[in-house]
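Colleague: Before I ask anything, let me first share the structure, which is written out below as structure tokens.
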Amino acid sequence: MAKVKITETILRDAHQSLIATRMPTEEMLPVIEKLDNIGYNALEAWGGATFDASLRFLNEDPWERLRKIKAVAKKTPLQMLLRGQNLLGYKHYADDVVEYFVQKAVANGINIIRIFDALNDVRNIETAMKACKKEGGHAQACFSYTISPYHNIDVFVKDAKRMEEMGADSICIKDMAALLLPYEAYDLVKALKENVKVPIELHTHYTSGVGSMTYLKAIEAGVDIIDTAISPFAGGTSQPPTEPIVAALKGTEYDTGLDLEALSEIADYFKPYREQCIKDGLLDPKVLGVDANTLIYQVPGGMLSNLVSQLKQQNAMDKFEAVLREVPRVREDMGFPPLVTPSSQIVGSQAVLNVLAGERYKMVSKETKGLVKGEYGRTPAPISDEIKEKILKGEEQITCRPADLIKPELENIKSEIKEYIEQDEDVLSYALFPKQALDFFKVRQAAKYGIDGDAVNYKNATHPV
Ligand code: CO
């Protein structure tokens, strides 16, 4: 009966979470065939921060990486993570760019696109979902799990139903901050299974130490798919490890059917690379520990360390407790956004400003204003008139989908970089990361035409390799 499926994250989230997305394609390729033979539900292999990191730090064409993986992984669906209307960048793009990006992602080998929006505003995932289905891809709609006085199971079920109506082929609970506790996971999954027909996938991180327990309870509640990472790159800020889950479920009604010995060959492959990463300082043992503060403050670990460093810079560590008390108040004022990029930074920085200024919203960051104004989309709960008045000072709130205000931009982008285009996809790399893409194009061109690359050598590029 209810066999549990596993999506392996080693090629994307695992190394994004542990070694700042620095795993190069050449480190992946020798093991792809083995990964492809395991029988995973999917290999998460692209999207998230990998696109940016390939161009910025690895001097790699992200599209080429995808094609190389796809050329070997012929059986297992390849999955990517997409930030809705933000694609893989940090702003809203016009619909024509979103549609073209999705078309090219599928054409180059992506089968499943996991699409989310930082505010859980479903309007921001709609264009990408439609495009994915049009290209014949599996559109997985995703909501960010969060804890607040506004959020409860009914809210998440409502979101999920809306996503199913929009045509989602499956739904993912994204617990990026590792806040989801085992028994809450049980109730949430149970409610989702009772209310939506499409498969439910759970994505968590091991940061707070409860990840594997959370998976086990979610499995008992009927979750269809869970995300894990092969053990050498599991735990800490990455996913719970694959092998213990497979072992724990063996012989039960939830048996994953995956072969532990085959998995151990994959683990063996990554062990020397892990050692190398530790030696190079790329893998900091700190990220491998359990951060129990998350369980106390219910804010992501990364957000707490950001607050500490902001306060240290201001010589104001004595205000730490006050800031921690201010965070939930600011979050309430902002309509309870999930604490994920960029809202976690916006809420955190505004809480610091409020405490240091000694008066709430005496100083308001540009980003806070943008969030209240509706530039990121609709916040989960409405923002009070009092806060709107205080922060917008009479300016109108945007109530439409933010991308409705953006004119088509693809043709302009194409004409800007005509001379560097070697493949259609270059236009998209440039649309998302103009500076990094251009640096990359110049190096590529120099290498191709045998120009002594000194003038455009990567060592001289603006960004570290
Ligand atoms: Co994740």
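Colleague: I'm told Thr368 meets every condition in (1) over 28 Å from the mean Cα position of the chain (by Cα); (2) polar (S, T, N, Q); (3) open to solvent by less than 30 Å² (accessible area, probe 1.4 Å) except one. Can you identify the failing condition by its number?
Modeller: Exception for Thr368: condition (1).
Colleague: Of all residues in the stretch 70-98, which are farther than 19 Å from Asp227 by Cβ, more than 16 Å from the chain's Cα centre (by Cα) and crowded, with 20+ Cβ neighbours inside 10 Å?
Modeller: Within the stretch 70-98, Tyr93, Ala94, Asp95, Val97, Val98 qualify.
Colleague: While we're on this one: For residues in the stretch 104-122 being more than 28 Å from Phe336 (Cβ to Cβ) and more than 16 Å from the ligand (Cβ to nearest atom), which is surrounded by the most Cβ atoms within 10 Å (Cβ to Cβ)?
Modeller: Checked the stretch 104-122; the qualifying residue surrounded by the most Cβ atoms within 10 Å (Cβ to Cβ) is Ala105.
Colleague: Okay, next question. Name the residues in the stretch 70-103 that are within 16 Å of the ligand (Cβ to nearest atom), under 24 Å from Arg378 (Cα atoms) and not in a helix (DSSP H, G or I), would you?
Modeller: Leu81, Leu82, Arg83, Leu88 - these are the residues of the stretch 70-103 that are within 16 Å of the ligand (Cβ to nearest atom), under 24 Å from Arg378 (Cα atoms) and not in a helix (DSSP H, G or I).
Colleague: Here is a follow-up. For Thr21, all conditions in the list (1) at positive phi; (2) away from the ligand (no atom under 16 Å from the Cβ) hold save one; what is the number of the exception?
Modeller: Here Thr21 meets the rest and fails (2).
Colleague: Then there is this: Looking at Lys34 and the list (1) touching a Gly at 6+ places or on another chain (Cβ under 8 Å); (2) closer than 24 Å to Gly235 by Cα; (3) open to solvent by 10 Å² or more (accessible area, probe 1.4 Å), which single condition is not satisfied?
Modeller: (1)
Colleague: Take the residues of the stretch 45-63 that are out of contact with any helix residue (DSSP H, G or I) (no Cβ under 6 Å at 6 or more places or on another chain) and of a type in the set (D, E, K, R): which is surrounded by the most Cβ atoms within 10 Å (Cβ to Cβ)?
Modeller: Here the answer is Asp61.
Colleague: For the stretch 265-278, state whether one or more residues are away from the ligand (no atom under 16 Å from the Cβ), open to solvent by 40 Å² or more (accessible area, probe 1.4 Å) and within 21 Å of the chain's Cα centre (by Cα).
Modeller: Checking the stretch 265-278: not a single residue is away from the ligand (no atom under 16 Å from the Cβ), open to solvent by 40 Å² or more (accessible area, probe 1.4 Å) and within 21 Å of the chain's Cα centre (by Cα).
Colleague: If the requirement is being within 25 Å of Asp52 (Cβ to Cβ) and either in contact with an Asp or Glu (Cβ under 6 Å, 6 or more places away or on another chain) or of a type in the set (Phe, Trp, Tyr) (or both), which of these qualifies: Ile346, Ile387, Ile406?
Modeller: None of the others qualify; the one that does is Ile346.
Colleague: Before we move on, is Ala14 assigned to a helix (DSSP H, G or I), within 16 Å of the ligand (Cβ to nearest atom) and modelled with pLDDT of 95 or more?
Modeller: yes
Colleague: Now for a different question. At least 2 residues that are closer than 19 Å to Asn86 by Cα in each: list the helices (runs of 4 or more DSSP H) lying fully within the stretch 300-389 that qualify.
Modeller: Qualifying helices (runs of 4 or more DSSP H): 343-357, 366-373.
Colleague: Additional query: Any residue at all in the stretch 60-67 that is modelled with pLDDT of 95 or more, in a loop (DSSP other than H, G, I, E, B), more than 16 Å from the ligand (Cβ to nearest atom) and at negative phi?
Modeller: Checked the stretch 60-67: at least one residue is modelled with pLDDT of 95 or more, in a loop (DSSP other than H, G, I, E, B), more than 16 Å from the ligand (Cβ to nearest atom) and at negative phi.
The values are calculated or read from the model by the stated rules, or taken from the named source; none is laboratory data. Quick caveat: nothing in here was measured; it's all calculated off a predicted structure. All Cβ positions, glycine included, derive from the backbone under ideal geometry; neighbour counts span all protein chains shown. What goes into the accessible areas is simple: the full protein's heavy atoms, side chains included, and nothing from ligands, DNA or RNA. Shrake-Rupley method; radii C 1.70, N 1.55, O 1.52, S 1.80 Å.
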